[in-house]
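One structure is given below, encoded as structure tokens.
Quick note: the coordinates plus some simple rules give every number you see, no bench work behind them. Here the structure is a predicted model, which means the values were calculated and not measured. With ideal geometry, Cβ positions are generated from the backbone for all residues, glycine too; neighbour counts draw on all protein chains shown.
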């Protein structure tokens with residue numbers, strides 16, 4: 001199951017009043033596991049950035065002046081999210097309203113609301129009466145959001161991905177062991193999916209001293225030791 005956790009930053013609250021998207025960030029999940037694939041784009045809103053929006057996002061007119069307009073990146077955004085992936089969004093109605101306004105102005109297909117998974121709604125239903133902002137949920141789940149001094153779409157998407165996994169039951173809510181797992185998650189097409197190698201291998205945790213001690217131990221076991229047979 002492919003999901004896209006996404007966030008937008010905008011010049012204001014209402015596209016019908018001229019407000020536009022200035023940034024999109026998105027993170028890909030596959031069967032609730034981050035794949036490492038992301039989408040991030042700053043966008044020229046074709047209007048002046050209001051002071052209050054600048055204070056929230058830290059994105060000013062000079063910075064955005066040479067960025068592409070939405071018309072130049074709209075199709076690439078649609079290509080990234082695909083046609084079937086669920087869109088995991090905090091306060092989904094807000095972001096979907098802006099995305100569909102921008103897509104509509106371009107004459108591109110709009111995103112149906114039933115594709116959206118609203119983490120704000122999930123949090124309010126799971127913890128009624130408790131704060132449900134992204135920062136509040138980070139505190140609840142002990143997720144480090146110290147870098148979130150300003151609202152940034154990609155950073156917020158990465159944080160939201162962690163929050164979403166906690167909201168649905170932890171980082172491995174379904175190990176895919178059910179009898180109908182292949183049918184529920186897309187059958188043959190998904191069975192062919194394989195995780196991509198890490199861009200950078202993880203640093204070894206074994207110290208040189210520990211490696212030497214292990215080698216000496218294996219040597220004592222003789223030529224029949226399993227470690228020697230397997231190399």
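Descriptive notes on the structure:
- The mean sequence separation of alpha-carbon pairs under 8 Å and at least six residues apart, normalised by the residue count of region 30-79, gives a relative contact order of 42 percent.
- Percent of beta bridges antiparallel (DSSP, region 2-191, rounded to nearest 5): 70
- Taking region 2-191 and dividing mean pair separation by its residue count, relative contact order in percent (alpha carbons under 8 Å, at least six apart): 25
- Contour minus Cα-Cα distance for residue 40 and residue 208 (0.36 nm per residue): 56.5 nm
- Exposure proxy ranking, count of Cβ atoms within 10 Å, fewest first, for 94, 70: 94, 70
- For the pair residue 219 and residue 144, label points projected 7 Å from Cα toward Cβ lie 3.9 nm apart.
- Percent antiparallel among DSSP beta bridges (both partners in region 18-127, rounded to 5): 65
- Using the Cβ-Cβ distance between residue 106 and residue 16 with R0 = 25 Å, the FRET efficiency computed as 1/(1 + (r/R0)^6) comes to roughly 0.95.
- With the gyration tensor restricted to C-alpha atoms of region 26-111, the semi-axes of the equivalent ellipsoid amount to 24, 16, 13 Å, longest first.
- At q = 0.17, 0.19 Å⁻¹, base-10 log of I(q)/I(0) for region 99-159 (Debye sum, equal scatterers on each alpha carbon): -0.77, -0.86
- Cα centroid separation, region 106-155 to region 49-95 (Å): 16
- Least to most buried among 209, 67 (fewest other Cβ within 10 Å first): 209, 67
- Spin-label model distance (nm) - residue 133 vs residue 72, 7 Å beyond Cα toward Cβ: 3.4
- Radius of gyration and Dmax over the Cα atoms of region 2-191, both given in Å: 17.1, 56
- Ordering 56, 22, 88 from the fewest to the most neighbouring beta carbons within 10 Å gives 56, 22, 88.
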